[in-house]
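Here's the structure we're looking at; comments come further down.
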Amino acid sequence: MIFPQMLLDLHCELIVDLFAGGGGASLGIEMATGRMVDIAINHDPAAVAMHKANHPQTRHLLSDVFEADPREVTQGRPVGLLWASPDCTHHSKARGGKPLRDRARRTRVLAWVVTRWAGTVRPRVIILENVEEFADWGPLVGPPDRLRPCPRRKGRTFRQWVRSLERHGYEVQWRELRACDYGAPTIRKRLFVIARCDGRPIIWPEPTHGPGRRFPYRTAAECIDWSLPMLSIFASPEEAREWARVHGVGVPVRPLAEATLCRIARGVVRFVLENPEPFIVGVAGNGGQLVASFIQSYYGAENRQDLREPLRTIPTRDRFGLVTVTIAGQPYVITDIAMRMLTPRELYRAQGFPDSYIIDRGADGRRLTKTEQVRMVGNSVCPQVAAALVRANVPEMIARDEVRVPMRRKRTMATA
């Protein structure tokens, strides 16, 4: 006979979010389980402030993850789920061929914190998120100021890291997943590692969005606030200053750089002039006029995209511009071209965050700069992917109805 007091109460297990950032993984865990994470750790005051504003029931530790002792942090309670999203900057291909500095060594070894938690408090399930190149993690070579990954030993450190988890009794699997396949309006692709030591199988959730699936892909277009004013690319500096004064916004850079104008010209040709079905939306602030639009990005070789597609991967700096082409008559006659950078709120929408998520201030009321907001969304986990992984692998941690956290209501976006 099994007595009730002998049953494991899974709701007593902790949920811990390492490198918590702005809270994308925590939000996904909340979406899946109906409960907020118990402990969130990050060294960045701005990230912790945003996380506190959105996850007030969580215990927050402003600390370097290397300095946070797992036993002291958990105070003897078991850990059911450990989520970790270590800094991916020095693994990502987005940095191109730039050499690494000596300080990059510390950033590249952050994942070893996970094995420390595995060896001390033994979380039942561990989920780690990083860029795809994390699987190529290997030794660095070269002088301290010009370090580069050794091409002959690519992936060696990653395999050592996996074996270290296996030595602690974990089964380990990894797979690349795209956020758009699980309901986020971005194609963001990341490597996910799942490790568990409870003998249960690792489950990879089936994609829910895309061709032939239950739901269509969400698009970049649905993230845009079409009511925001836009300035012509042909405006003079004086006209830009007057436009900014009238609309109460910062002064846009005019004239635009030649490289930017070339990108816009190529985009107009591809998405408007040579496109049999350009993306056209009526904009109230433009007298109700057939505005054709597309997104241009400032990184990578393919730096233009149709708004009917999910947005490209969001980096940690301002890299997306919205271009609108005012057209009239048949055939189309271009009367103006305007461009602005996407706002932080639009980027958070594309990453899968609801409009109710607080991004412009911390729990203490301190205003977060646009740079901080963009950096944190670029570093964040798409909540929909986190939710899918958590539902599939720890369904037993879903909170009972009487203790579920009320989910945020999504505010309606401003549309034309």
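The values are calculated or read from the model by the stated rules, or taken from the named source; none is laboratory data. Remember, predicted model here, so these are calculated numbers, not experimental data. Positions of Cβ are backbone-derived with ideal geometry, glycine not excepted, and every protein chain shown enters the neighbour counts.
If a residue must be surrounded by 15 or more Cβ atoms within 10 Å (Cβ to Cβ) and not aliphatic (A, V, I, L, M), how many such residues does the range 205-221 contain?
Within the range 205-221, the first condition is being surrounded by 15 or more Cβ atoms within 10 Å (Cβ to Cβ), and the residues that meet it are 205, 207, 209-210, 217-221.
Then keep just the ones that are not aliphatic (A, V, I, L, M); that gives 205, 207, 209-210, 217-219.
So the answer is 7.
Which residues, taken from the range 152-192, are assigned to a helix (DSSP H, G or I) and among the hydroxyl-bearing types (Ser, Thr, Tyr)? Working first, answer last.
Quick first cut of the range 152-192, residues assigned to a helix (DSSP H, G or I) only: 152-153, 156-167, 179-182.
Listed by number, the residues that qualify are 157, 164, 182.
What's the total number of residues in the range 63-118 that are modelled with pLDDT under 65 and part of a loop (DSSP other than H, G, I, E, B)?
Number of matching residues: 12.
Go through the range 133-151 and give me each residue that's surrounded by fewer than 15 Cβ atoms within 10 Å (Cβ to Cβ) and either assigned to a helix (DSSP H, G or I) or touching a residue at least 60 places away in the same chain (Cβ under 8 Å) (or both). Break it down into steps so the answer makes sense when it comes.
Kept after step one, since they are surrounded by fewer than 15 Cβ atoms within 10 Å (Cβ to Cβ), are these residues of the range 133-151: 139, 141-146, 148, 150-151.
If the condition is that a residue be surrounded by fewer than 15 Cβ atoms within 10 Å (Cβ to Cβ) and either assigned to a helix (DSSP H, G or I) or touching a residue at least 60 places away in the same chain (Cβ under 8 Å) (or both), then 151 is the only one that fits.
Any chance the range 324-331 includes a residue that's among the hydrophobic types (A, V, I, L, M, F, W, C), part of a loop (DSSP other than H, G, I, E, B), in contact with a Leu (Cβ under 6 Å, 6 or more places away or on another chain) and not assigned by TED's automatic domain parsing to the domain that holds residue 22?
Filtering the range 324-331 down to residues among the hydrophobic types (A, V, I, L, M, F, W, C) leaves 325, 327-328.
Narrowing the set further to residues that are part of a loop (DSSP other than H, G, I, E, B) leaves none.
Taking every residue of the range 324-331 in turn, none turns out to be among the hydrophobic types (A, V, I, L, M, F, W, C), part of a loop (DSSP other than H, G, I, E, B), in contact with a Leu (Cβ under 6 Å, 6 or more places away or on another chain) and not assigned by TED's automatic domain parsing to the domain that holds residue 22.
Against the conditions (1) free of Cβ contacts under 8 Å to residues at least 60 places away in the same chain; (2) not in a strand (DSSP E or B), where does residue 315 fall short? Just the number, please.
If we test residue 315 against (1) free of Cβ contacts under 8 Å to residues at least 60 places away in the same chain; (2) not in a strand (DSSP E or B), just (1) comes out false.
Kindly check whether there is at least one residue in the range 380-394 that is in contact with a Lys or Arg (Cβ under 9 Å, 6 or more places away or on another chain), at pLDDT 95 or above, under 30 Å from residue 240 (Cβ atoms) and not charged (D, E, K, R).
No, every residue in the range 380-394 fails to be in contact with a Lys or Arg (Cβ under 9 Å, 6 or more places away or on another chain), at pLDDT 95 or above, under 30 Å from residue 240 (Cβ atoms) and not charged (D, E, K, R).
Under 6 Å between Cβ atoms, which residue pairs at least 6 apart in sequence (or on different chains) link something in the range 69-88 that is in contact (Cβ under 8 Å) with a residue 40 or more places away in the chain and not assigned by TED's automatic domain parsing to the domain that holds residue 115 with a partner that is surrounded by 22 or more Cβ atoms within 10 Å (Cβ to Cβ) and among the basic types (Lys, Arg)?
none
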